[in-house]
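Only one structure is covered here, and it is reproduced in the block below.
The numbers here are math on the coordinates, done by the rules we state, and not lab data. None of these values were measured; they are calculated from a predicted model. Quick reminder, even Gly has a Cβ in these numbers, built from the backbone with ideal geometry, and neighbours come from all protein chains shown.
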Amino acid sequence: MARILITGGAGFVGSHLARACLSAGHQVHLIIRPGSDDTRIENLRGRVIRHNFDLQSETALKHCLSDAEPECIFHLAARPRRPEIPDLSDAKDGMREQVQVLIGLLSAAATVPRPPKILIRTGSLAEYGSAQAPFQEETRETPVNAYGAELVAATHLVVALQRRLPFPVVTARLALVYGAFQSTAYLLPWLITRCLAGEISIVRHPEDRRDLIYIDDAVGGLLRLAAAQMPGGTIINIGTGFAPTMRDVARLIIAETGADPSLVQYGPADGSSGIPDFRAVTALARTLLGWSASTPLAEGLVQTVAWYREHPHLQEPHHQLPATSRRERTGAP
């Protein structure tokens, strides 16, 4: 049994990762920001150890690490892409959460009496931006927005600091993760719930291609990465390598939900969010980790649709959801 600490433990990926770690027999500690919605982890009460504080509190962070003495840290805590504000406050907030919080975590972990054996942090394929797809780990990043640039900055900061740390830090660049319990602020669950409710939806960039990875596969990749003893500074893509168009994804969702196809409308075929092909090369994960995603998109959508059909009470009210997804664009994990 290992002691595992997960930042962002109440989030979509964090909650699924916590369950997987518990199933493997590990002791699980979750850092949860005060005020966070903990619906996803309600049934984990008594099974996980909660630490309720903001990661920007370095004092609380050091106390937590000293008490928990985690052998492995999964750093997942970060808000997704924000709306762009004219005064650039969105970028200021993003840099604080993506970079300054990371420095605080690395500092605290490096100076406690028993540092962790490894720290895994999640990045995103959004870091590659408008680079030529499919994206390889050594590809020169060209982010197209502040969110991608913030993640790139954090990734390269880790590499630059690695020689000063007593533990390796490895970055997993995730494809777009989907599955049960994901917020309907994101495209797939949003479209699924709209179709189940018989509501009109608009897919604005139907020809954009997206690498979509089922949550169980993403969690499996993270766990394999933690156990692989990779050198510090390693960057590995965790994706499928397959990127269907959003039109094809919508058609799969329509078929699985049984919705009237006329309810889903599409933007112009020549329109794009800025990254027309969002897809990873996953050879490195297969070679170094012996891991590859195993859930086909159609199968993952069957399971995801079934979950949202069985849990309508956990969905945002449809009158509060716009007909066009506000996070359809690349950048949301």
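Note on the stretch 96-210: the alpha carbon radius of gyration divided by the globular reference 2.2 N^0.38 Å gives 1.34. For the stretch 152-197 versus the stretch 204-230, the inter-centroid distance based on Cα atoms is 8 Å. For the chain, find the longest principal axis of its Cα atoms and tell me its angle to the long axis of helix 12-23, 0 to 90°, nearest 10. Compared with the principal axis, the helix lies near 60 degrees.
With 10 angstrom as the radius, rank H313, H63, H205 by how many other C-beta atoms surround their C-beta, starting from the fewest.
H313, H63, H205
To the nearest ten degrees, helix 246-257 and the longest principal axis of the Cα atoms of the chain are 80 degrees apart. For the pair I103 and S294, the difference between a 0.36 nm per residue extended length and the Cα-Cα distance amounts to 65.3 nm.
Remark: the chain carries a charge dipole of roughly 740 debye about the Cα centre, counting +1 on each Lys and Arg Cβ and -1 on each Asp and Glu Cβ. Computed about the Cα centre, the dipole magnitude for the stretch 132-180 is approximately 180 debye when only Lys and Arg (+1) and Asp and Glu (-1) carry charge, each at its Cβ.
Using a 10 Å cut-off around each Cβ, can you sort L157, L187 from fewest to most neighbouring Cβ atoms?
In order of increasing Cβ crowding within 10 Å: L157, L187.
As a size descriptor, the averaged projected area of the C-alpha convex hull of the stretch 174-227 was calculated at 4.4 nm². For the chain, the Kirkwood hydrodynamic radius from C-alpha pairs, put into Stokes-Einstein at 20 °C and a viscosity of 1.002 mPa s, yields a diffusion coefficient of 106 µm² per second. Against the chain, whose longest principal axis comes from its Cα atoms, helix 187-197 is set at around 50 degrees.
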